[in-house]
Structures are given as structure tokens and as C-alpha cells.
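Asker: Before anything else, here's the structure in question.
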Amino acid sequence: MKIRYKSAAEIGKLREANLVVAEVLDVLCAAVEPGMSTWELNQIAEAEIERHKVKSAFLGYYDYPGVVCTSVNEVVVHGIPRKDVILRDGDIVAIDFGVFKYGYCGDSARTIPVGRIDPEWQRLIDVTRDSLERAIAMCYPGNRLGDIGQAVQTYVEGNGYSVVRDFVGHGIGRAMHEDPPVPNYARRGTGKRLKSGLVIAIEPMVNAGAPDVKVLEDNWTAVTKDRSRSAHFEHSIAITDKGPWVLSRSSSEPGNPGVPVQ
Ligand code: MF3
Ligand code: CO
């Protein structure tokens, strides 16, 4: 377990990679509509990768076959884009996307509605997104890794949902997955201290039912055991002396300290 702390110049490059990720996620989210296949989302993402002259972080990773993960309803994470998975009105879909630019990795995910959805599922989405924001608010030097997991877990369970334990967030840099692991469950005041220069991807996966997941025969698709719906959000965040810099947030979005891109 060796954490690689990043210089300001490296964080600048991670920001550039994550800005591409944020832009492409904007495009993918805007493209989502009832009747389309998740394969089409993968095709759009491929075209965007080409346009931005970046490299997919997912394609070929442990033989993963796509450039994006598309996880519909009870799929927790790692849904493989398929021609025969058609998005229907009332579904929710998590879109997870990552690239390398100048050798540095960007990684982010969002869950969005397909057409009009039941308010019950919108609440699941909102709680998951807000749990990530609460985790981000913990990202100050001197706090501990466990403060992040505790923030997610308390908020999610307080809202009657459960936190997935089988998958966790991660350090990120020249590799997509670096130390440390970043669980979405923990006790406050436990774990390593956060230091300036640490860059992590925080990615809460929240189930409407029980926390248990199961991986299907394709060895990727992770579904809830009870087939309840699940939502997933992910941001890549640099811990700076001034606090969290959400590298995968569009610069126009509130909550960003507004450190300029080099
Ligand atoms: N955002 C996911 C992660 O952090 C994406 C990995 S999917 C894979 O693990 F296809 F690349 F494996
Ligand atoms: Co990730």
C-alpha cells in the first residue's frame, strides 16, 4: 500500500483529463432517451474519445469490452453496453466514464432518469448524489479517510437505503486504480489522515434494498441480489491546502473552488 501524492502540475493534468470526462458525460447524459440501446451510448462515447484525442481508461482494462459502463436499474456497476439493452421510460441509468490524457486518468459517473421516472427513484438518485457531496465536504487535510465513508454511510442509511460494500472508491493518477481504497462505509475518525496532494475517486453505490451484490456470468455486470434498484455517482477529487478540488466537476458548477486550469 503506497499512496502517490501529486504535485500541483500533476493535479493540473488530472484536471484536464477530468474536464474531458465531465464534458463527455454531459454529452452522454443529454443523449439518453427512451428507446435507445446502451450500445449507442458506447458509440457516442467512442466518437467523443476520438474528438478529444484521449485514450479510454476502461477499454481492455481486465478485458473490459466497452469505453463506458452503463448500469440500468438493478445493475449496481460495470454494466456492459449492449445492443439488446434498451432504455425504457421510467428506468434509471448510471453512466461511468474514464480517460487518460497526457498519461493521467480522469474517472467520473452519474445516474440519470430515462424519460419520466417514479419520484421514488428520483429520491434514490438524489440521496446518492448528495451522499457524494457530503463525502467531498470531508476532503480537507487533517481529516481521515474514514470521515469520507462515514459521511456517505450515515446519510444513505439515514434515508433508508444501503451502501454497497463489495466495491469501493480509489486513489487515481497515472493509473486508474491506485491506493488507497476509499470505502463508502466507515467510522468517523478512523483510517489514514488526508494530506494535500492526495487525489481520490469517491464513488458511492447505493441500493434501495439490501447491500448485497452479485456478479453475473459475464464476469462484469454487478446486480443487487434482491434486484432492488441501485444508483452510483463518482467524482475525482484532489485534496488541496484550500480543501477539495472536484476535478471532474464542470467549472461552471457550484462547489468548485475555481483553481484555474494550467
Ligand atoms: N469507474 C469505475 C472504477 O472506478 C470504472 C471501472 S470499469 C472498467 O472502477 F471497465 F474499467 F473496469
Ligand atoms: Co472509479
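Asker: Taking Rh as the Kirkwood radius computed over C-alpha pairs, what is the Stokes-Einstein D of the stretch 141-262 at 20 °C in a medium of viscosity 1.002 mPa s, expressed in µm² per second?
Answerer: 138
Asker: Additional query: Please report, as a whole percent, how much of the solvent-accessible surface of the chain comes from carbon and sulfur atoms (probe radius 1.4 Å).
Answerer: Using a 1.4 Å probe with all protein chains present, the chain comes out at 50 percent carbon and sulfur.
Asker: If I build a Gaussian network model for the chain, linking alpha-carbon pairs within less than 10 angstrom, which residue out of ASN184, ASN143, ASN73 has the largest mean-square fluctuation?
Answerer: Its mean-square fluctuation being the largest, the pick is ASN143.
Asker: In the stretch 76-131, what is the volume of the convex hull around the alpha carbon atoms, normalised per residue and reported in Å³?
Answerer: Output value, Cα hull per residue: 109 Å³.
Asker: Taking all pairs of different Cα atoms in the stretch 43-183, averaging 1/r and flipping that mean, what Kirkwood radius in angstroms comes out?
Answerer: The Cα-based Kirkwood calculation yields 16.6 Å.
Asker: Before anything else, pin down the relative contact order of the chain: Cα pairs under 8 Å, at least 6 apart, normalised by residue count, whole percent.
Answerer: RCO, the chain: 23 percent.
Asker: What base-10 log of the normalised intensity I(q)/I(0) is obtained for the chain from the Debye formula, alpha carbons as equal point scatterers, at q = 0.12 Å⁻¹?
Answerer: The calculated log intensity ratios at q = 0.12 Å⁻¹ are -0.65.
Asker: A further question follows. What residues have an amide H closer than 5 Å to that of MET205, excluding those fewer than 5 places away on the same chain, when H is modeled at 1.01 Å from N in the peptide plane?
Answerer: Result for MET205 returns VAL164.
Asker: Restricting to DSSP H runs of at least four residues, report the calculated mean residue ellipticity at 222 nm for the chain, -39500 (n - 2.57) per run over all residues, nearest 500 deg cm²/dmol.
Answerer: After summing the helix terms and dividing by the residues of the chain, the value is -9000 deg cm²/dmol.
Asker: Using a basic spin-label model with each label point 7 Å from the Cα along Cα→Cβ, how many nm lie between ASP89 and ALA8?
Answerer: 5.4
Asker: Over the stretch 8-246, how many pairs of lysines fall under 27 Å by alpha carbon, counting only those 8 or more apart in sequence or from different chains?
Answerer: Pairs that pass both the separation and distance tests number 17.
Asker: Still on this model: Once you've got the GNM for the chain with C-alpha springs shorter than 10 Å, pick whichever of THR70, THR240, THR38 has the biggest mean-square fluctuation.
Answerer: Among THR70, THR240, THR38, the largest GNM mean-square fluctuation belongs to THR240.
Asker: Give me Rg over Rh for the stretch 181-234, both radii from the alpha carbons and Rh done the Kirkwood way, two decimal places.
Answerer: 1.07
Asker: So for the pair LYS192, ASP179, with labels modelled 7 Å out along Cα→Cβ, what separation do we get in nm?
Answerer: With each label point 7 Å from Cα toward Cβ, the separation is 0.6 nm.
Asker: Still on this structure, please answer the following. Residue separation times 0.36 nm, minus the C-alpha to C-alpha distance between ASP226 and GLU133: what's the value?
Answerer: So the extension gain works out to 30.8 nm.
Asker: Residue-wise, which Karplus ³J(HN,Hα) couplings in Hz belong to the stretch 32-43, taking 6.51 cos²θ - 1.76 cosθ + 1.60, θ = phi - 60°, and x for glycine or proline?
Answerer: 5, 8, x, x, 8, 8, 5, 4, 4, 5, 5, 5
Asker: Most mobile of VAL75, VAL54, VAL152 per a Gaussian network model of the chain (Cα springs, under 10 Å)?
Answerer: Comparing VAL75, VAL54, VAL152 in the GNM, the peak value goes to VAL54.
Asker: Below 8 Å, C-alpha to C-alpha, sequence gap of six or more: please give me the relative contact order for the stretch 24-131 in percent.
Answerer: Relative contact order, the stretch 24-131: 27 percent.
Asker: Moving on to the next point. Where in the stretch 143-178 is the amide nitrogen less than 14 Å from a point lying 7 Å along the Cα-to-Cβ axis of GLU120?
Answerer: Backbone N within reach: 161.
Asker: Can you run phi through the Karplus equation (6.51, -1.76, 1.60; θ = phi - 60°) for the stretch 211-225 and list ³J(HN,Hα) in whole Hz, with x for Gly and Pro?
Answerer: Each residue of the stretch 211-225 in turn: x, 5, 10, 9, 9, 6, 5, 6, 6, 10, 4, 9, 10, 6, 4 Hz.
The values are calculated or read from the model by the stated rules, or taken from the named source; none is laboratory data. Because the structure is predicted, anything quoted here is derived from the model rather than measured. Counting neighbours? That spans all protein chains shown, and the Cβs are built from the backbone with ideal geometry, glycine included. The accessibility values were calculated without ligands, DNA or RNA, using every heavy atom of the protein model including side chains. Shrake-Rupley method; radii C 1.70, N 1.55, O 1.52, S 1.80 Å.
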